[in-house]
1. Every residue in region 150-168 that is β-branched (Val, Ile, Thr) and under 15 Å from ALA201 (Cα atoms), please.
2. When the residues of region 153-212 are filtered to those that are part of a strand (DSSP E or B) and in contact with a helix residue (DSSP H, G or I) (Cβ under 9 Å, 6 or more places away or on another chain), which remaining residue is farthest from THR50 (Cα to Cα)?
3. Any chance you could count how many residues in region 79-90 are under 19 Å from THR20 (Cβ atoms), among the small types (Gly, Ala, Ser) and free of Cβ contacts under 8 Å to residues at least 12 places away in the same chain?
4. I'm told LYS195 meets every condition in (1) closer than 29 Å to LYS39 by Cα; (2) open to solvent by less than 80 Å² (accessible area, probe 1.4 Å); (3) of a type in the set (Lys, Arg) except one. Can you identify the failing condition by its number?
5. Suppose we keep only residues that are in a helix (DSSP H, G or I) and in contact (Cβ under 8 Å) with a residue 60 or more places away in the chain within region 35-53. Which one would you say is most open to solvent (accessible area, probe 1.4 Å)?
6. Residues that are in contact (Cβ under 8 Å) with a residue 60 or more places away in the chain and more than 11 Å from the chain's Cα centre (by Cα): does region 65-78 have at least one?
Amino acid sequence: PEQAADTPRTEKSQSAEDLTEVMLRAAQFYKAQLTSSEKAVAYLKNRGLTGEIAARFGLGYAPGSWQNLEAVFPEYQSKSLTEAGLVIAGEEGRRYDRFRDRIIFPIHNQRGAIIGFGGRVIDQGEPKYLNSPETPLFEKGRELYGLFQARSAIREAGRVIVVEGYMDVVALGQYGIGYAVATLGTATTPWQVQKLLRETAQLVSVPRRRAT
């Protein structure tokens, strides 16, 4: 029946809305934590970033404790936190935050909703960069970091630069190059190219740096 066919789509839409709200609350928490962390602020300043550019990209900080998000999500055992990729359910039901002691880079879709996060370790540690997992909101092969912020600059410049990482996009923005985006740990995909071609016909890809 037609009504039965519509039900799963309705439930999926409602689930996505719920997860979007969860991601927004998490982003607000991380952003607030950045301003109170001398270590995180010092790291960004050492990278040459100003408070203005950090605010433009909504940068945040995830403290090093295991269950920081419990402060903003009293329902820490909620399934939505694992579905959003914010919390990992370990053995024996133990839960802990995915992002800890990292600079947080919110990832937006083209409408501006936060659909994922990237985390950059401050001190020594692996992995250097950590992305949200695939979720009902986030499919990394179809998204580009910084595209939401870059759209007007891309159209004005008539080109887009595709770089390797979050920090590359933010650093270029610091120096007035606002038309840069980054892939999310993958080679550039056909879906990403299609998105960019809707904005401009001139795509410039910066080769990946070799590890040193």
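The values are calculated or read from the model by the stated rules, or taken from the named source; none is laboratory data. Note that the structure is a prediction, hence the values are computed from the model and not measured. Every residue, glycine among them, receives a Cβ derived from its backbone with ideal geometry; neighbour counts consider all protein chains shown. Heavy atoms of the whole protein, side chains included, go into the accessibility calculation; ligands, DNA and RNA do not. Shrake-Rupley method; radii C 1.70, N 1.55, O 1.52, S 1.80 Å.
1. Initial filter on region 150-168 (β-branched (Val, Ile, Thr)): 154, 160-163.
ILE154, VAL160, ILE161, VAL162, listed by residue number.
2. Of the residues in region 153-212, the ones part of a strand (DSSP E or B) are 160-163, 180-182, 203-205.
From what is left, the residues that are in contact with a helix residue (DSSP H, G or I) (Cβ under 9 Å, 6 or more places away or on another chain) are 160-163, 180-182, 203.
On the way: VAL160: 23, ILE161: 22, VAL162: 22, VAL163: 21, ALA180: 18, VAL181: 19, ALA182: 20, LEU203: 28 Å.
By that ranking, first place goes to LEU203.
3. Here the count works out to 0.
4. (1)
5. LYS39
6. Taking region 65-78 as the starting set, the residues that turn out to be in contact (Cβ under 8 Å) with a residue 60 or more places away in the chain are none.
So far as region 65-78 goes, no, none of its residues is in contact (Cβ under 8 Å) with a residue 60 or more places away in the chain and more than 11 Å from the chain's Cα centre (by Cα).
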